[in-house]
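The values are calculated or read from the model by the stated rules, or taken from the named source; none is laboratory data. Since this is a predicted model, take the numbers as computed values, not measurements. As a convention, Cβ positions derive from the backbone with ideal geometry for all residues, glycine included, and neighbour counts pool all protein chains shown.
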Amino acid sequence: MGAFVDDLNAAHDLFQTGIPVWLIRHTRELATVWIDKLVDTIDESANHIIPLRDSPGFIDTQNESPEHPIVYQGLTHKAERYLAMALFCCVGLDNTKTNTTK
């Protein structure tokens, strides 16, 4: 589970909820990038539970059977994201494999 984003606000929101996030930056911005600190990754291999940052909640990362469908793959600011989510909500689980937007 995780997301690649090119928007700082989306990266912030995902980070605050504890979802792994990779911020994609244009190469012209490399001169302005500053890394303050490298942190250890969360090891969820023992119990598949990831604690949320700044919250008592957690994310359960155990595999589901059957697996959850992939509703959308792509950048977060694309209109196709919302169309895929709406289609999933309206049509349901049975039709997600044929309507997944990539």
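Of note:
- Given (1) assigned by TED's automatic domain parsing to the domain that holds Asp7; (2) at pLDDT 80 or above; (3) over 21 Å from Ala11 (Cβ atoms), index of the condition Asn47 fails: (2)
- The range 55-75 residues that are at positive phi, paired with ones that are surrounded by 13 or more Cβ atoms within 10 Å (Cβ to Cβ) (beta carbon under 9 Å, 6 or more apart): Gly74/Glu80; Gly74/Arg81; Gly74/Ala84; Gly74/Thr101
- Just one of (1) assigned by TED's automatic domain parsing to the domain that holds Leu8; (2) at pLDDT 75 or above; (3) surrounded by 10 or more Cβ atoms within 10 Å (Cβ to Cβ) fails for Gly74. It is (1).
- Residue match in the range 20-37 (condition: closer than 17 Å to Gly2 by Cβ and either among the hydroxyl-bearing types (Ser, Thr, Tyr) or modelled with pLDDT under 80 (or both)): no
- Listed conditions (1) part of a loop (DSSP other than H, G, I, E, B); (2) at negative phi; (3) modelled with pLDDT of 75 or more are all met by Phe15, apart from (1).
- Residue ID - modelled with the highest pLDDT, chosen from residues in the range 58-71 that are surrounded by 13 or more Cβ atoms within 10 Å (Cβ to Cβ) and outside any loop (DSSP other than H, G, I, E, B): Phe58
- Any chance Ser55 is loosely packed, with under 11 Cβ neighbours inside 10 Å, hydroxyl-bearing (Ser, Thr, Tyr) and more than 22 Å from Asn9 (Cβ to Cβ): no
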